[in-house]
Amino acid sequence: TGVQMEVGSVATPFENRSFGEELDLCHRYYQQITTTQNYHNFHAAGHCTATTSMLFVLPFLKKMRSSPSVSFSADDTFTCTTSGGSNAGAASDLTVNNTEPYNFRATLTVGSGLTAGNGSLLQKFTNADAEIIMDGEL
């Protein structure tokens, strides 16, 4: 807009930031990952801790200013695929275990079908859009 507010009586040089710089600064406070009908992975790798649960870690796009709150769209829009290629069906629960400025750790629970110790990948289960929101607002 060409406007810069100053404190005091001395003007400083006008500060111009690129769109990328502004977006990086915004990502310190809020990040959202949304998958659409044609995109299924959340890029969250994990491992099966039991026949009904998967533990995964999702790194943030940029370091956040603090440990954010994390929320998900409906649990049943998520699933996991194991290293053996099987799909575990719709999740019945998603629980955040820990958040840090760089990532969060969570557990996805399904009815059955997993093998403890197998690798797994968090995925979208339904044709509906699914999202994960990380909010570090003040």
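The values are calculated or read from the model by the stated rules, or taken from the named source; none is laboratory data. All figures in this text were calculated on a predicted structure; none of them were measured in a lab. No Cβ is skipped: glycine too gets one built from the backbone with ideal geometry, and neighbour counts run over all protein chains shown. Keep in mind that these areas ignore ligands, DNA and RNA; they rest on the heavy atoms of the full protein, side chains included. Shrake-Rupley method; radii C 1.70, N 1.55, O 1.52, S 1.80 Å.
So the values come out like this:
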| read-out | value |
| --- | --- |
| Solvent-accessible area per residue for the chain (1.4 angstrom probe, square angstrom) | 58 |
| Residue among Leu58, Ser73, Pro13 farthest towards the positive dipole end of the chain, charges placed on Cβ | Leu58 |
| Rounded percent of accessible protein surface that carbon and sulfur make up, the chain, 1.4 Å probe | 53 |
| Computed accessible area, Thr51, all protein chains, 1.4 angstrom probe, square angstrom | 80 |
| Amide H contacts of Phe78 (H built 1.01 Å from N, under 5 Å, at least 5 apart or other chain) | Ala91, Phe125 |
| Within the stretch 17-81: Cβ-based charge dipole about Cα centre, in debye rounded to nearest 20 (Lys, Arg +1; Asp, Glu -1) | 280 |
| In Å², nearest 10: area of Thr34 left accessible to a 1.4 Å probe | 60 |
| Magnitude of the charge dipole, the chain, Cβ model with Lys/Arg +1 and Asp/Glu -1, debye to 20 | 380 |
| Accessible-area ranking of Glu22, Glu137, largest first, probe 1.4 Å | Glu137, Glu22 |
| Dipole axis of the chain (+1 Lys, Arg; -1 Asp, Glu on Cβ), positive-most option in Thr99, Thr34, Thr115 | Thr115 |
| Whole-percent pair-distance distribution, where bins are 10 Å wide, for the alpha carbons of the chain | 12, 35, 27, 12, 7, 5, 1 |
| Relative contact order (%) - criterion: Cα under 8 Å, at least six apart; region: the chain | 34 |
| Among Ala91, Ala11, Ala44, residue whose mean-square fluctuation peaks in a GNM of the chain (springs only between Cα atoms under 10 Å) | Ala11 |
